[in-house]
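The values are calculated or read from the model by the stated rules, or taken from the named source; none is laboratory data. If you're wondering where the values come from, they're calculated on a predicted model, not measured in any experiment. Because the Cβ atoms are built from the backbone with ideal geometry, glycine has one as well, and the counts that use them run over all protein chains shown. For the accessible areas, the whole protein counts, side chains as well, though only heavy atoms, and no ligand, DNA or RNA atoms are used. Shrake-Rupley method; radii C 1.70, N 1.55, O 1.52, S 1.80 Å.
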Amino acid sequence: MNKRLSLGFLIFVLVFSQCSISRFANDKMTGEQYSATPDVNREFRAAWIATVANINWPSKPGLSVDEQKKEAVHLLDFLKENNFNAIIFQVRPQCDALYDSSLEPWSYYLTGKQGQAPDPYYDPLEFWIEETHKRAMEFHAWFNPYRAHHTSGGEMSDNSIVKTHPELITELDNGFYWMIPTEQGTQDYSFNVVMDVVKRYNIDGIHFDDYFYPYPSYHGGKDFPDDNSWNKYLDKGGRLSRADWRRDAVNRFMKRVYKGIKTEKPHVKFGLSPFGVWRPNHPASIKGLDQYDVLYADAKLWLNKGWIDYWTPQLYWPINQMPQSFPVLVNWWDEQNVKDRHFWPGISPKAKQGSSEADEAFNQIMIARGMLSESPGIVYWNMNAMLKSEELTTTLKSGPFRQAALVPASPWLGKKVPEVPVCQIEEHDTRIKVSWEDSHKQQMASYVIGFQYGDKWDYEIVGRYERSYMFDPYRCKDLTPEELSESSDMQDLVEMLNVITIQSVNVFGHVSKPFSFNAESMSKCLLPSLDELKLLIGEENKKVAALEQANCERPTNEDVLEVLPE
């Protein structure tokens, strides 16, 4: 919409209307009066928000509650403005909690002291979930299942698992403490932590990253120190090799978590972002770390078995880096997706051989769309790069992320389609207001608001708490002052609001049939006369031109952009 012709004058001109529309007020309507709807994009667009070492949030330990909330809202507003539709938020960086937990201590990264609650009290996880859902975005809770303590994690509290269950913990050479994955106590403990969040919070997903067994560099290249557990296994008659024994423990844990989530809340997705290479030479041109033999993560098995709902391998390499080629790895992982789960690659674009980070991101997104067209999507690392790069955000917002998108549906989790919302149309402060009701509010994720001005369809996706939407009865065309002066017909000036549609989207991603309303006659009732409209548009043009002139001396966005530190 042309900003010269679309500002506050719309509300003002409507007061000239003498046409009564009381016949529309308070009429609750159902059914379909108009069959067409806008074409709505489907794509998963998520960003990881890391709390370990205060990478993304909060910017440092011990911020006031108001400062923490302000930073959270800044990040969410930024993502919403750039048409992302999900966040993957790290709620458990080191066997501690960024939420109110009876199982683990409050996180050092939140308050600056492990075990100390925010003061004044609030639950950060509840706050993040509510603010995310307000913006029609999904919230996925990200856990590190085995990391017990990070070197940046401050002093351990008395109720740290390192102190309360030392039999489950081993220390690494780099100062990390790690849970021993083969111990049944480890598996029970981490499973209970995950399920506690699933049961108590209104989340959309559970997410694990690539930290199963630690990378070799964490222990000076030496083998993982689990001799006591291994010897106990052998004493009981264990027959697996040590590597198979480790992999088996992780496999059983992964399967258990998936089944536990589905038993409690079938709509909650379980997602995983393993290291991007399964094994070297798979496919033949690929080189790199062997996660199967080094991290004891049989990621291919988990995907083949369908123990996940979405698959996000960390494909952090450039397109033209041959040993870890992005498109080659996308194709190989897609071939392993025999259960047709969502495959949304994790990307962390970096400039290479003359390309910019923005170009790399654009190209990786388009490659993923082309190769994974049934359920496209990406997950972005790291948010700090986006916050600092106006080129990157502009490239995405003006290109592949130009329009908002719904998260692709997950039909294997649930197939029920929501009912058509019951709507009410009325005039409200000289605009057209649509209100709606939903009989299954707890199962709704968002609403798609469709509108046709002239012959052009568009839409907006609003959050699950919304129950109304305001429409301007017309939009002004993009006209020069000369065209405005020469216009002799109202059709030369405006495009009328012809059709309104409202559709419910449930937590499985299924969209209802539309409530549809032919708004043409109602919109025409709110038109002023031709001369009145031309006069008011002309005055508004002068105001906007003066504002633009004043703004030309102001600093650019890059000059004033507030960013969080790395």
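Here the relative contact order of the chain, from alpha carbon pairs under 8 Å that lie six or more residues apart, stands at 19 percent.
Add +1 for every Lys or Arg and -1 for every Asp or Glu among the other residues with Cβ under 10 Å from the Cβ of Gly346, and state the total.
Working: positive: none; negative: Asp209, Asp210.
That works out to -2.
Summing charges over all other residues whose Cβ lies under 13 Å from the Cβ of Pro266, with Lys and Arg as +1 and Asp and Glu as -1, gives +3. Which loop GluC sites (Glu not before Pro) in the stretch 94-201, with loop taken from DSSP, have no more than 14 other Cβ atoms within 10 angstrom of their Cβ? In loop regions of the stretch 94-201 (DSSP not H, G, I, E or B), the sparsely surrounded GluC sites (Glu not before Pro) are Glu155. Here the chain has 48 percent of its accessible surface on carbon and sulfur atoms, given a 1.4 Å probe and all protein chains in place.
By the Cα gyration tensor, the stretch 345-413 has an equivalent ellipsoid whose semi-axes, rounded to whole angstrom, run 23, 13, 11 from largest to smallest. Accessible area per residue (1.4 Å probe, heavy atoms of protein chains only) ranks Lys255, Lys350 as Lys350, Lys255, with the largest value leading.
Net charge near Tyr99, counting Lys/Arg +1 and Asp/Glu -1 over other residues with Cβ under 15 Å of its Cβ?
On the way: positive: Lys69, Arg92, Lys199, Arg200; negative: Asp96, Asp100, Glu104, Asp123, Glu126, Glu130, Glu131, Asp196.
Charge balance near Tyr99 sits at -4.
Based on the Stokes-Einstein relation at 37 °C and a viscosity of 0.692 mPa s, and on the Kirkwood radius from alpha carbon pairs, the stretch 458-517 is assigned a translational diffusion coefficient of 226 µm²/s.
Express in nm, to one decimal, how much length is gained between Lys305 and Ser488 on full extension, taking 0.36 nm for each residue of separation and deducting their alpha carbon distance. Before the final figure, lay out each step's value.
Details: separation 183, 0.36 × 183 = 65.88 nm, distance 6.70 nm.
Fully extending the segment from Lys305 to Ser488 adds 59.2 nm.
Just the number: Rg to Rh for the stretch 189-240, Cα atoms, Kirkwood Rh, two decimals. Please list the in-between numbers first.
Details: Rg = 16.6 Å, Rh = 14.5 Å.
My calculation puts Rg/Rh at 1.15.
Derived from the Cα gyration tensor, the three semi-axes of the equivalent ellipsoid of the stretch 224-343 are 27, 21, 10 Å, largest first. Of the chymotrypsin sites (Phe, Trp or Tyr not before Pro) in the stretch 388-453, the ones in a loop by DSSP (not H, G, I, E or B) with at most 15 other beta carbons within 10 Å are Trp412.
With bins 5 Å wide beginning at 0, the percent of Cα pairs of the stretch 266-334 falling in each bin runs 4, 17, 28, 25, 15, 7, 3, 1.
Just to be sure I understand the curve: with the Debye formula and one point per C-alpha of the stretch 74-218, what is log10 I(q)/I(0) at q = 0.08, 0.12, 0.15 Å⁻¹? Once normalised to I(0) and log-transformed, intensities are -0.23, -0.51, -0.78.
Principal-axis analysis of the Cα atoms of the chain puts helix 326-336 at an angle of about 70° to the longest axis. With 25 Å as the limit on Cα-Cα distance, the pairs of Lys477/Lys524; Lys69/Lys113; Lys113/Lys388; Lys80/Lys305; Lys350/Lys388; Lys60/Lys388 that go past it are Lys113/Lys388; Lys80/Lys305. Find the relative contact order for the stretch 118-261 and round it to a whole percent, using C-alpha pairs within less than 8 Å whose residues are 6+ positions apart. Reported relative contact order: 28 percent.
Taking only the C-alpha atoms of the chain, Rg followed by Dmax gives 27.0, 94 Å. Using a cut-off of 22 Å between Cα atoms, the listed pairs Lys259/Lys415; Lys70/Lys134; Lys339/Lys513 include Lys339/Lys513 as exceeding that distance. Estimated at the nearest 10 Å², the accessible area of Ser157 is 20 Å² with a 1.4 Å probe. Please list, in order, the residues from the stretch 375-414 whose amide nitrogen is less than 17 Å from a point placed 7 Å along the Cα→Cβ vector of Lys352. Zone members listed by number: 381-382. For the stretch 426-479, relative contact order (Cα pairs under 8 Å, six or more residues apart, normalised by length) works out to 40 percent.
Sites listed here are GluC sites (Glu not before Pro) in the stretch 362-419 whose DSSP assignment is loop and whose Cβ has at most 13 other Cβ atoms within 10 Å: Glu374.
Seen from all sides and averaged, what is the projected area of the convex hull of the Cα atoms in the stretch 39-160, in nm²?
Mean projected area for the stretch 39-160: 7.7 nm², to one decimal.
Across all directions of projection, what mean area in square nanometres is found for the Cα convex hull of the stretch 361-490? Intermediate results must be reported in sequence, preceding the final value.
Details: hull surface 52.5 nm².
Average projection, Cα convex hull of the stretch 361-490: 13.1 nm².
Each part gets one Cα centre, and for the stretch 292-314 versus the stretch 245-285 those centres are 4 Å apart. Within the chain, DSSP assigns beta bridges of which about 55% are antiparallel (rounded to the nearest 5). With coordinates expressed along the principal axes, the C-alpha atoms belonging to the stretch 170-299 extend over 42, 41, 32 Å, beginning with the largest.
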